[in-house]
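The values are calculated or read from the model by the stated rules, or taken from the named source; none is laboratory data. Here the structure is a predicted model, which means the values were calculated and not measured. Please note: Cβ atoms are built from the backbone with ideal geometry, for glycine as well, and neighbour counts cover all protein chains shown. Surface areas here come from the heavy atoms of the whole protein model, side chains and all, with no ligands, DNA or RNA. Shrake-Rupley method; radii C 1.70, N 1.55, O 1.52, S 1.80 Å.
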Amino acid sequence: MKTALYLIANQIGMHPAVMAKLVLDGEITGDVPGGNAQSKDAWVDLHSLRNYIEWRHDQKQLEEMPYLKAIRHIDRALRR
């Protein structure tokens with residue numbers, strides 16, 4: 001399921017430019033037209049984002065509280 005990059009990035013505590021770089025680097029599935037993270041057409045796949053967040057947590061690169069916050073917001077967006 002895809003969602004606007006700039007909306008979900010702010011909700012999970014990640015700067016949109018950082019998330020756009022992850023999309024452009026192929027870490028997360030999505031699209032950032034023209035490399036502009038603030039574009040209304042920039043999107044990320046929520047399942048891919050959730051997998052990436054879980055992977056970072058498993059690698060001890062993400063602490064528990066930011067991890068739980070991110071998962072909560074992603075799950076809420078998936079239920080819509």
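Across the range 40-52, the number of residues qualifying as open to solvent by 50 Å² or more (accessible area, probe 1.4 Å) and touching a Lys or Arg at 6+ places or on another chain (Cβ under 6 Å) comes to 1. Of the helices (runs of 4 or more DSSP H) lying entirely inside the range 1-76, the ones with 2 or more residues being of a type in the set (Phe, Trp, Tyr) are found at 46-58. Inspection of the range 7-25 finds no residue satisfying the criterion of being surrounded by fewer than 17 Cβ atoms within 10 Å (Cβ to Cβ), of a type in the set (Asp, Glu) and touching a helix residue (DSSP H, G or I) at 6+ places or on another chain (Cβ under 9 Å). Take the conditions out of contact with any helix residue (DSSP H, G or I) (no Cβ under 9 Å at 6 or more places or on another chain) and surrounded by 12 or more Cβ atoms within 10 Å (Cβ to Cβ) and apply them to Trp55. Does it pass? Yes.
Scoring Ala37 on the criteria (1) of a type in the set (A, V, I, L, M, F, W, C); (2) at pLDDT 95 or above; (3) open to solvent by less than 30 Å² (accessible area, probe 1.4 Å) leaves a single failure, condition (2).
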